[in-house]
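The structure appears below as C-alpha coordinates.
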Amino acid sequence: MAADPVVPEPPPGAEVADLGVAQFPQPGTGPLLRVRGLCAEYDSGERPVIAVDRVDLDVFAGEFVGIVGESGCGKSTLLFAIAQLLSPPASITAGSVEFAGRDLVAMNDRELAPVRWRELSVVMQSAMNALNPVRDLRHQFTDVMRAHGESSAARIDQRSREVMHLVGIDAAHLRSYPHQLSGGMRQRAMIAMALLFTPDLVIMDEPTSALDVVAQRSLMLQIKELQQELGFAVLFVTHDMSLVSHFSDRLMVMYAGQAVEVGQTRAVFDHPSHPYSQGLLDAFPSIHGARTALEGIPGAPPDLGNPPPGCRFQPRCPLAYEPCATVAPDLYEVDGVQSRCLLHSERYRPDRVEGRQ
Ligand code: ADP
Ligand code: MG
(Lines give C-alpha, C1' and ligand atoms only; values in the text may rest on other atoms or scores of the structure.)
(Ligands and ions follow the chains in the order given, each with its own letter.)
Protein backbone atom coordinates (compact mmCIF):
# COMPACT_ATOMS: atom_id res chain seq x y z
CA MET A 1 0.00 0.00 0.00
CA ALA A 2 1.27 3.40 -0.93
CA ALA A 3 1.23 5.91 1.91
CA ASP A 4 -0.91 8.96 1.32
CA PRO A 5 1.29 11.85 0.33
CA VAL A 6 1.52 14.66 2.85
CA VAL A 7 -1.15 17.20 2.00
CA PRO A 8 0.21 20.68 2.55
CA GLU A 9 -1.99 23.19 4.30
CA PRO A 10 -2.85 26.01 1.88
CA PRO A 11 -2.04 29.53 3.09
CA PRO A 12 -5.05 31.54 4.25
CA GLY A 13 -7.18 32.54 1.30
CA ALA A 14 -5.25 30.45 -1.23
CA GLU A 15 -7.05 28.48 -3.91
CA VAL A 16 -5.96 24.87 -3.48
CA ALA A 17 -6.77 24.27 -7.12
CA ASP A 18 -3.93 26.65 -8.02
CA LEU A 19 -1.46 24.03 -6.87
CA GLY A 20 -2.73 21.46 -9.36
CA VAL A 21 -0.54 19.66 -11.84
CA ALA A 22 0.23 21.74 -14.91
CA GLN A 23 -0.10 20.23 -18.37
CA PHE A 24 3.44 19.65 -19.57
CA PRO A 25 5.02 19.14 -21.99
CA GLN A 26 3.24 21.57 -24.22
CA PRO A 27 2.88 20.42 -27.81
CA GLY A 28 5.37 21.86 -30.25
CA THR A 29 7.91 23.02 -27.66
CA GLY A 30 11.22 21.27 -27.03
CA PRO A 31 12.57 20.81 -23.53
CA LEU A 32 14.40 23.69 -21.86
CA LEU A 33 16.84 21.20 -20.34
CA ARG A 34 17.71 18.01 -22.20
CA VAL A 35 20.13 15.68 -20.40
CA ARG A 36 21.31 12.64 -22.33
CA GLY A 37 23.53 9.75 -21.24
CA LEU A 38 25.03 11.81 -18.40
CA CYS A 39 27.71 10.02 -16.36
CA ALA A 40 29.64 11.48 -13.43
CA GLU A 41 32.34 9.81 -11.36
CA TYR A 42 34.45 10.38 -8.26
CA ASP A 43 38.00 9.36 -8.95
CA SER A 44 38.99 8.06 -5.53
CA GLY A 45 41.89 5.65 -5.78
CA GLU A 46 41.65 2.25 -7.45
CA ARG A 47 37.99 2.16 -8.47
CA PRO A 48 35.98 5.14 -9.73
CA VAL A 49 32.68 5.70 -7.93
CA ILE A 50 30.06 6.09 -10.67
CA ALA A 51 27.54 8.33 -8.90
CA VAL A 52 25.54 9.25 -12.02
CA ASP A 53 25.14 6.50 -14.56
CA ARG A 54 23.70 7.26 -18.03
CA VAL A 55 20.92 9.56 -16.89
CA ASP A 56 18.43 10.98 -19.44
CA LEU A 57 16.18 13.78 -18.24
CA ASP A 58 14.00 16.48 -19.80
CA VAL A 59 12.68 19.60 -18.09
CA PHE A 60 10.23 21.74 -20.05
CA ALA A 61 9.79 25.51 -19.63
CA GLY A 62 7.77 26.21 -16.50
CA GLU A 63 7.74 22.57 -15.42
CA PHE A 64 8.42 21.30 -11.88
CA VAL A 65 10.41 18.06 -11.95
CA GLY A 66 11.22 16.20 -8.75
CA ILE A 67 14.17 13.85 -8.29
CA VAL A 68 13.78 11.47 -5.36
CA GLY A 69 15.93 8.75 -3.87
CA GLU A 70 17.73 7.71 -0.71
CA SER A 71 20.78 9.52 0.56
CA GLY A 72 23.86 8.57 -1.45
CA CYS A 73 22.05 7.63 -4.68
CA GLY A 74 23.67 10.46 -6.67
CA LYS A 75 21.06 13.23 -6.58
CA SER A 76 23.42 16.06 -5.63
CA THR A 77 26.09 14.81 -8.02
CA LEU A 78 23.50 14.81 -10.82
CA LEU A 79 22.43 18.39 -10.04
CA PHE A 80 26.02 19.57 -9.82
CA ALA A 81 26.81 17.79 -13.10
CA ILE A 82 23.85 19.53 -14.77
CA ALA A 83 24.91 22.94 -13.40
CA GLN A 84 28.60 22.31 -14.30
CA LEU A 85 29.60 22.75 -10.67
CA LEU A 86 31.47 19.48 -10.11
CA SER A 87 35.04 19.83 -8.96
CA PRO A 88 37.78 17.19 -8.51
CA PRO A 89 37.72 14.38 -7.64
CA ALA A 90 34.31 14.48 -9.37
CA SER A 91 33.91 14.93 -13.11
CA ILE A 92 31.50 14.34 -15.98
CA THR A 93 32.74 11.36 -17.99
CA ALA A 94 30.06 11.14 -20.69
CA GLY A 95 26.85 12.66 -21.94
CA SER A 96 25.38 16.05 -22.71
CA VAL A 97 23.42 18.73 -20.85
CA GLU A 98 21.60 20.83 -23.41
CA PHE A 99 20.13 23.96 -21.90
CA ALA A 100 18.17 26.29 -24.18
CA GLY A 101 19.85 24.58 -27.13
CA ARG A 102 23.50 24.74 -25.96
CA ASP A 103 25.54 21.86 -24.53
CA LEU A 104 26.76 23.12 -21.15
CA VAL A 105 29.25 20.23 -20.85
CA ALA A 106 31.18 21.57 -23.85
CA MET A 107 31.33 25.13 -22.50
CA ASN A 108 34.18 26.62 -20.44
CA ASP A 109 33.75 28.84 -17.38
CA ARG A 110 33.90 32.04 -19.42
CA GLU A 111 31.14 30.77 -21.71
CA LEU A 112 29.10 29.52 -18.75
CA ALA A 113 29.31 32.80 -16.81
CA PRO A 114 26.45 34.57 -18.65
CA VAL A 115 24.25 31.47 -18.28
CA ARG A 116 24.77 31.08 -14.53
CA TRP A 117 22.42 33.08 -12.29
CA ARG A 118 20.87 34.84 -15.30
CA GLU A 119 19.36 31.76 -16.99
CA LEU A 120 19.99 28.96 -14.53
CA SER A 121 20.52 29.23 -10.79
CA VAL A 122 21.13 26.76 -8.00
CA VAL A 123 19.78 26.68 -4.43
CA MET A 124 21.96 24.51 -2.24
CA GLN A 125 20.91 22.16 0.52
CA SER A 126 22.32 24.24 3.37
CA ALA A 127 22.12 28.02 3.16
CA MET A 128 24.47 28.18 6.14
CA ASN A 129 27.20 26.66 3.97
CA ALA A 130 26.26 28.45 0.77
CA LEU A 131 25.94 31.96 2.22
CA ASN A 132 28.99 33.91 3.31
CA PRO A 133 28.83 34.17 7.13
CA VAL A 134 30.79 37.41 7.35
CA ARG A 135 28.82 39.48 4.83
CA ASP A 136 25.29 40.78 5.16
CA LEU A 137 22.72 39.78 2.54
CA ARG A 138 22.88 43.16 0.81
CA HIS A 139 26.57 42.70 0.08
CA GLN A 140 26.08 39.13 -1.09
CA PHE A 141 23.27 40.08 -3.46
CA THR A 142 25.39 42.98 -4.72
CA ASP A 143 28.36 40.69 -5.34
CA VAL A 144 26.23 38.34 -7.45
CA MET A 145 24.65 41.12 -9.50
CA ARG A 146 27.96 42.91 -10.08
CA ALA A 147 29.67 39.68 -11.10
CA HIS A 148 26.96 39.12 -13.67
CA GLY A 149 26.97 42.49 -15.32
CA GLU A 150 24.76 44.79 -13.25
CA SER A 151 26.67 47.93 -12.27
CA SER A 152 23.95 50.36 -11.19
CA ALA A 153 23.82 50.59 -7.38
CA ALA A 154 20.25 51.88 -7.58
CA ARG A 155 19.09 48.93 -9.71
CA ILE A 156 20.92 46.45 -7.48
CA ASP A 157 19.26 47.96 -4.41
CA GLN A 158 15.82 47.93 -6.04
CA ARG A 159 16.14 44.36 -7.29
CA SER A 160 17.46 43.14 -3.91
CA ARG A 161 14.36 44.61 -2.23
CA GLU A 162 12.10 43.09 -4.86
CA VAL A 163 13.41 39.55 -4.45
CA MET A 164 13.25 39.79 -0.65
CA HIS A 165 9.63 40.85 -1.01
CA LEU A 166 9.00 37.94 -3.40
CA VAL A 167 10.13 35.40 -0.82
CA GLY A 168 8.27 37.10 2.02
CA ILE A 169 11.19 38.60 3.98
CA ASP A 170 11.23 42.25 5.05
CA ALA A 171 13.82 44.12 3.00
CA ALA A 172 15.28 45.43 6.28
CA HIS A 173 16.89 41.99 6.56
CA LEU A 174 19.20 42.86 3.68
CA ARG A 175 21.30 44.28 6.53
CA SER A 176 21.24 40.95 8.37
CA TYR A 177 24.04 38.43 8.49
CA PRO A 178 23.13 34.78 7.83
CA HIS A 179 23.43 33.80 11.52
CA GLN A 180 20.84 36.43 12.45
CA LEU A 181 18.16 34.68 10.36
CA SER A 182 16.12 31.56 11.16
CA GLY A 183 16.75 28.42 9.08
CA GLY A 184 13.62 29.05 7.04
CA MET A 185 14.58 32.66 6.39
CA ARG A 186 18.07 31.65 5.32
CA GLN A 187 16.64 29.21 2.77
CA ARG A 188 14.27 31.93 1.56
CA ALA A 189 17.19 34.34 1.25
CA MET A 190 18.99 31.73 -0.88
CA ILE A 191 15.94 31.46 -3.10
CA ALA A 192 15.72 35.27 -3.31
CA MET A 193 19.34 35.32 -4.45
CA ALA A 194 18.61 32.63 -7.06
CA LEU A 195 15.82 34.82 -8.45
CA LEU A 196 17.86 38.03 -8.79
CA PHE A 197 17.96 37.67 -12.57
CA THR A 198 14.63 35.81 -13.01
CA PRO A 199 16.22 32.65 -14.44
CA ASP A 200 14.40 30.14 -16.64
CA LEU A 201 15.47 27.19 -14.48
CA VAL A 202 16.08 26.99 -10.74
CA ILE A 203 17.85 23.86 -9.53
CA MET A 204 17.17 23.08 -5.87
CA ASP A 205 19.03 20.51 -3.79
CA GLU A 206 16.89 19.54 -0.75
CA PRO A 207 16.24 23.21 0.09
CA THR A 208 13.82 22.29 2.88
CA SER A 209 15.56 19.30 4.44
CA ALA A 210 17.08 21.23 7.37
CA LEU A 211 13.70 22.70 8.36
CA ASP A 212 10.98 21.44 10.66
CA VAL A 213 7.78 20.12 9.07
CA VAL A 214 5.85 23.40 9.39
CA ALA A 215 8.63 25.56 7.92
CA GLN A 216 9.17 22.91 5.24
CA ARG A 217 5.56 23.01 4.12
CA SER A 218 5.41 26.79 4.10
CA LEU A 219 8.59 27.00 2.02
CA MET A 220 7.28 24.42 -0.48
CA LEU A 221 4.10 26.45 -0.94
CA GLN A 222 6.16 29.58 -1.43
CA ILE A 223 8.39 27.94 -4.03
CA LYS A 224 5.35 26.69 -5.94
CA GLU A 225 3.67 30.09 -5.84
CA LEU A 226 6.81 31.83 -7.07
CA GLN A 227 7.18 29.28 -9.82
CA GLN A 228 3.62 29.83 -10.98
CA GLU A 229 3.92 33.62 -10.72
CA LEU A 230 7.29 33.97 -12.43
CA GLY A 231 7.10 30.95 -14.75
CA PHE A 232 10.53 29.42 -14.14
CA ALA A 233 11.11 25.68 -14.31
CA VAL A 234 12.24 23.83 -11.18
CA LEU A 235 14.42 20.78 -10.84
CA PHE A 236 13.93 19.76 -7.21
CA VAL A 237 15.85 17.09 -5.34
CA THR A 238 14.56 15.45 -2.17
CA HIS A 239 14.87 12.17 -0.30
CA ASP A 240 11.25 12.55 0.87
CA MET A 241 8.93 11.42 -1.89
CA SER A 242 5.81 12.68 -0.12
CA LEU A 243 7.24 16.22 -0.05
CA VAL A 244 7.02 16.68 -3.82
CA SER A 245 3.76 14.82 -4.33
CA HIS A 246 1.66 17.97 -4.53
CA PHE A 247 4.19 20.17 -6.26
CA SER A 248 5.93 18.34 -9.07
CA ASP A 249 4.56 17.72 -12.55
CA ARG A 250 6.92 14.81 -13.16
CA LEU A 251 9.16 12.65 -11.00
CA MET A 252 12.40 10.83 -11.54
CA VAL A 253 13.12 8.15 -8.94
CA MET A 254 16.86 7.49 -8.60
CA TYR A 255 18.55 4.41 -7.23
CA ALA A 256 22.30 3.73 -7.15
CA GLY A 257 23.14 6.42 -9.70
CA GLN A 258 20.43 5.47 -12.19
CA ALA A 259 16.91 6.60 -13.04
CA VAL A 260 14.67 3.68 -12.08
CA GLU A 261 11.26 5.26 -12.70
CA VAL A 262 10.30 8.39 -14.63
CA GLY A 263 6.76 9.63 -15.17
CA GLN A 264 3.97 12.00 -14.27
CA THR A 265 3.93 12.48 -10.48
CA ARG A 266 0.34 11.27 -10.16
CA ALA A 267 1.06 8.11 -12.13
CA VAL A 268 4.14 7.27 -10.04
CA PHE A 269 2.26 7.91 -6.79
CA ASP A 270 -0.93 6.13 -7.70
CA HIS A 271 0.66 3.12 -9.40
CA PRO A 272 4.40 2.90 -8.72
CA SER A 273 5.78 0.59 -11.38
CA HIS A 274 9.17 -0.04 -9.78
CA PRO A 275 9.46 -1.93 -6.48
CA TYR A 276 11.88 0.74 -5.22
CA SER A 277 9.34 3.53 -5.83
CA GLN A 278 6.81 1.46 -3.92
CA GLY A 279 9.30 1.05 -1.09
CA LEU A 280 9.98 4.80 -0.96
CA LEU A 281 6.26 5.50 -0.77
CA ASP A 282 5.91 3.04 2.09
CA ALA A 283 8.92 4.56 3.86
CA PHE A 284 7.35 7.96 4.55
CA PRO A 285 4.52 8.44 7.00
CA SER A 286 1.30 10.07 6.01
CA ILE A 287 0.31 13.01 8.22
CA HIS A 288 -3.35 12.60 7.42
CA GLY A 289 -3.60 8.88 6.76
CA ALA A 290 -4.08 6.08 9.24
CA ARG A 291 -1.22 5.35 11.64
CA THR A 292 0.57 2.34 10.22
CA ALA A 293 3.97 0.79 10.80
CA LEU A 294 6.56 2.10 8.34
CA GLU A 295 7.71 -0.70 6.15
CA GLY A 296 10.69 1.10 4.67
CA ILE A 297 13.17 -0.74 2.57
CA PRO A 298 15.37 -3.33 4.27
CA GLY A 299 19.10 -3.35 3.59
CA ALA A 300 21.33 -0.57 2.28
CA PRO A 301 22.07 0.85 -1.17
CA PRO A 302 25.07 -0.71 -2.95
CA ASP A 303 28.62 0.64 -3.07
CA LEU A 304 28.64 2.73 -6.25
CA GLY A 305 32.26 1.77 -6.81
CA ASN A 306 31.16 -1.85 -7.10
CA PRO A 307 27.44 -2.18 -7.84
CA PRO A 308 25.90 -5.65 -8.01
CA PRO A 309 25.55 -7.30 -11.42
CA GLY A 310 22.03 -7.47 -12.84
CA CYS A 311 19.47 -5.20 -11.25
CA ARG A 312 21.06 -2.91 -8.63
CA PHE A 313 17.97 -3.08 -6.45
CA GLN A 314 17.74 -6.87 -6.61
CA PRO A 315 19.49 -7.60 -3.26
CA ARG A 316 16.77 -5.55 -1.46
CA CYS A 317 13.83 -6.23 -3.73
CA PRO A 318 10.83 -8.13 -2.35
CA LEU A 319 9.79 -9.09 -5.90
CA ALA A 320 13.18 -10.28 -7.19
CA TYR A 321 13.15 -13.46 -9.27
CA GLU A 322 15.69 -15.53 -11.13
CA PRO A 323 16.98 -13.22 -13.91
CA CYS A 324 17.26 -10.13 -11.66
CA ALA A 325 20.64 -11.24 -10.26
CA THR A 326 22.28 -11.33 -13.68
CA VAL A 327 20.31 -9.22 -16.20
CA ALA A 328 20.70 -5.42 -15.93
CA PRO A 329 17.28 -3.97 -16.79
CA ASP A 330 16.71 -1.12 -19.25
CA LEU A 331 14.05 1.52 -18.75
CA TYR A 332 10.84 -0.04 -20.07
CA GLU A 333 7.68 1.86 -21.03
CA VAL A 334 4.76 0.78 -18.87
CA ASP A 335 1.43 2.62 -18.80
CA GLY A 336 3.00 5.96 -19.76
CA VAL A 337 5.90 5.79 -17.29
CA GLN A 338 9.40 4.37 -17.66
CA SER A 339 10.51 1.68 -15.25
CA ARG A 340 13.86 -0.06 -14.87
CA CYS A 341 12.44 -3.40 -13.77
CA LEU A 342 12.47 -6.78 -15.51
CA LEU A 343 8.86 -7.34 -14.46
CA HIS A 344 8.03 -4.96 -17.31
CA SER A 345 10.40 -6.32 -19.95
CA GLU A 346 8.93 -8.28 -22.84
CA ARG A 347 11.75 -10.79 -22.69
CA TYR A 348 12.19 -11.37 -18.95
CA ARG A 349 8.65 -11.00 -17.68
CA PRO A 350 8.00 -13.75 -15.10
CA ASP A 351 5.47 -15.54 -17.35
CA ARG A 352 8.05 -15.66 -20.19
CA VAL A 353 10.83 -16.87 -17.91
CA GLU A 354 8.64 -19.59 -16.43
CA GLY A 355 7.38 -20.48 -19.94
CA ARG A 356 10.93 -21.28 -21.02
CA GLN A 357 11.60 -23.66 -18.16
P1 ADP B 1 22.82 12.16 -2.70
O2 ADP B 1 22.80 13.60 -3.03
O3 ADP B 1 21.75 11.38 -3.40
O4 ADP B 1 22.80 11.89 -1.23
P5 ADP B 1 25.52 12.25 -3.68
O6 ADP B 1 25.42 12.73 -5.08
O7 ADP B 1 25.95 13.24 -2.65
O8 ADP B 1 24.17 11.54 -3.26
O9 ADP B 1 26.56 11.06 -3.62
C10 ADP B 1 26.44 9.94 -4.48
C11 ADP B 1 27.57 8.98 -4.23
O12 ADP B 1 28.77 9.58 -4.64
C13 ADP B 1 27.74 8.60 -2.77
O14 ADP B 1 27.08 7.42 -2.48
C15 ADP B 1 29.22 8.41 -2.63
O16 ADP B 1 29.53 7.05 -2.88
C17 ADP B 1 29.81 9.19 -3.77
N18 ADP B 1 30.53 10.38 -3.34
C19 ADP B 1 29.99 11.57 -2.98
N20 ADP B 1 30.95 12.45 -2.69
C21 ADP B 1 32.12 11.81 -2.84
C22 ADP B 1 33.50 12.17 -2.70
N23 ADP B 1 33.86 13.41 -2.36
N24 ADP B 1 34.42 11.22 -2.98
C25 ADP B 1 34.08 9.99 -3.36
N26 ADP B 1 32.80 9.58 -3.51
C27 ADP B 1 31.85 10.47 -3.27
MG1 MG C 1 22.60 15.25 -1.73
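The criterion of at least 2 residues that are away from ligand 2 (no atom under 16 Å from the Cβ) and of a type in the set (A, V, I, L, M, F, W, C) is met, among strands (runs of 3 or more DSSP E) falling completely within region 163-276, by 201-205, 233-238, 258-264. Within region 71-82, residues that are in contact (Cβ under 8 Å) with a residue 12 or more places away in the chain sit with their Cβ atoms under 9 Å from residues that are assigned to a helix (DSSP H, G or I) and of a type in the set (Val, Ile, Thr), at 6+ positions apart or across chains, in these pairs: 81/105.
Number of residues in region 314-342 that are of a type in the set (A, V, I, L, M) and part of a loop (DSSP other than H, G, I, E, B): the value is 5. What residue, among those in region 239-274 that are at pLDDT 95 or above and hydroxyl-bearing (Ser, Thr, Tyr), is nearest to residue 49 (Cα to Cα)? Here the residue is 255. Scanning region 113-129 for residues that are small (Gly, Ala, Ser), surrounded by 20 or more Cβ atoms within 10 Å (Cβ to Cβ) and modelled with pLDDT under 95 gives a single hit, 127.
Entry remark, region 197-241: residues being more than 17 Å from residue 127 (Cα to Cα) and either among the hydrophobic types (A, V, I, L, M, F, W, C) or buried (at least 23 other Cβ atoms within 10 Å of the Cβ) (or both) number 12 in total. Between 110, 135, the distinction of being assigned to a helix (DSSP H, G or I) and either at positive phi or exposed (fewer than 15 other Cβ atoms within 10 Å of the Cβ) (or both) belongs to 110 only.
Residues are listed down the side, and each one gets a yes or a no for (1) within 16 Å of ligand 1 (Cβ to nearest atom); (2) buried (at least 21 other Cβ atoms within 10 Å of the Cβ); (3) at pLDDT below 95; (4) assigned by TED's automatic domain parsing to the domain that holds residue 237:
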{"residue": "52", "(1), (2), (3), (4)": "yes, yes, no, yes"}
{"residue": "61", "(1), (2), (3), (4)": "no, no, no, yes"}
{"residue": "73", "(1), (2), (3), (4)": "yes, yes, no, yes"}
{"residue": "88", "(1), (2), (3), (4)": "yes, no, no, yes"}
{"residue": "101", "(1), (2), (3), (4)": "no, no, yes, yes"}
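Of all residues in region 192-208, those being of a type in the set (Asp, Glu) and away from ligand 1 (no atom under 16 Å from the Cβ) number 1.
The values are calculated or read from the model by the stated rules, or taken from the named source; none is laboratory data. Predicted, not measured: the structure shown is a model, and the values here were computed from it. Virtual Cβ from ideal backbone geometry, glycine too; neighbours counted across all protein chains shown.
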